[in-house]
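Quick note: the coordinates plus some simple rules give every number you see, no bench work behind them. Just so we're clear, the structure is a prediction, and the values are computed from it rather than from any experiment. All Cβ positions, glycine included, derive from the backbone under ideal geometry; neighbour counts span all protein chains shown.
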Amino acid sequence: MHTNQLKPWILLAAISLLSACQQSDEEFLVGRWHSSGGPNMIFEKDGTVYSINRGPRRKGRYYLDQESNPATMIMDMRGSEINAVLWFDYEAFSPKHFQLTPTYVQRTGEKKERAELDRKLLFQKLDPQESQASQTQFKITTTPQQAP
C-alpha cells in the first residue's frame, strides 16, 4: 500500500482510540465540585447528588440527559428541604469545569415554572488529594486544663 492510502486509516484509528479513552459525562461528574456563586456539589456514581450551601447537605438524585440540545441536568431534590425538581442546561467545557444554567423548577404540588435565577453557575472539580491534604494540614489539639 502507498503511504497516501494509509493516511486515512491511521487518522481513523487515532480518532477511534481518542474517543474510546474519553470519560463519559456521568464519570466526569463523579466527585466534589466547588462553585463560587452557588452551592458546592458532590455527585456520586449511583446518581446521588448532595448540594451544600450555607447549611447541611441536601441529598437528591440527578440525571444527565445528553440527547437533548442543549444537554440537560435534572436534580430531584424533593426528599430535602429544597422540595423541588430542578432543571439546568449543562455544559462541560474542560476536564475540571462545567456550568449549569437554571431553566425550570417544579415544587412539590405545583406546576413546572421557568427558573427565577438567570445566571450561569460555574463549577470547578476539587482534587481529592488536595482536599485531604488541606484537612490533615491543620490539626486542632486540645490539652486538658489544669486546676489553679
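Brief remarks on what is shown
- Likely footprinting exposure, TYR90, TYR50, TYR63, fewest C-beta neighbours within 10 Å first: TYR63, TYR50, TYR90
- Straightening the chain between ASP89 and ARG119 buys 9.7 nm, computed as 0.36 nm per residue apart minus the Cα-Cα spacing.
- The shape of segment 23-124 comes out rounded: with a ≥ b ≥ c from the C-alpha gyration tensor, a/c is under 1.5.
- Antiparallel DSSP beta bridges within segment 23-124, percent to nearest 5: 100
- ASN40 versus LYS112: modelled label distance in nm, points set 7 Å from Cα along the beta carbon direction: 3.2
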